[in-house]
């Protein structure tokens, strides 16, 4: 199963949300953002289950940056869709995200607006709030229930 994650307010939240241990000190200049607590273990568990992980963000962060940043946490990213790539594939008039264009089965996002687009355009979105301390369990449960 190919699963994508939004970055802003899903994996990188405001300072009030607990975070993972930071990347090693010598890498902090390159990777100053802090991942939400639970991200590393969740992604490793999903990869152990043979799921392919992608990042789908409306930001302009580069694919190399995102892949190498997650690699510092021991997580391999199969693909990255940033705003540039999204616009090339979907255009500017379509939904803000359209995971089916990239073969993504489930997208994890904090936005109810993206979930509404999913209902309208028939793609699967799991909404996780930055305030939900059990967000990783919700993701794992959604994946577990996924039809084979």
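Readers should treat all values here as calculations from the given coordinates under stated rules, not as data from a laboratory. On a predicted model such as this, the values are computed, not experimentally measured, just so you know. Cβ sites come from the backbone with ideal geometry, for glycine too, and all protein chains shown count toward neighbours.
Helix 112-121 and the longest principal axis of the C-alpha atoms of the chain enclose an angle of approximately 40°. As I understand it, the value is the acute angle between the Cα axis of helix 135-144 and the longest principal axis of the Cα atoms of the chain; what does it come to in degrees, rounded to 10? Helix 135-144 and the main axis of the chain meet at about 50 degrees. Per-peptide packing, taken as the mean over residues of other Cβ atoms within 10 Å, places 71-80, 21-30 in the sequence 71-80, 21-30 from highest down.
Taking other C-beta atoms within 10 Å as the exposure proxy, 56, 31, 65 rank 65, 31, 56 from fewest upward.
Full extension of the chain segment joining residue 84 with residue 1 gains 27.5 nm, where the gain is 0.36 nm per residue of separation less the Cα-Cα distance.
Full extension of the chain between residue 33 and residue 137 gives 35.1 nm of extra length, using 0.36 nm per residue less the Cα-Cα distance. Among beta bridges identified by DSSP and lying wholly in the chain, the antiparallel ones come to about 5 percent. Take the chain, connect every pair of alpha-carbon atoms lying under 10 Å apart with a spring to form a Gaussian network, then pick out the residue of 82, 124, 134 with the largest mean-square fluctuation. Of the options given, 134 has the highest mean-square fluctuation. P(r) for the chain, from all Cα pairs and a bin width of 5 Å, is 2, 10, 20, 24, 22, 14, 7, 2, 0 %, short bins first.
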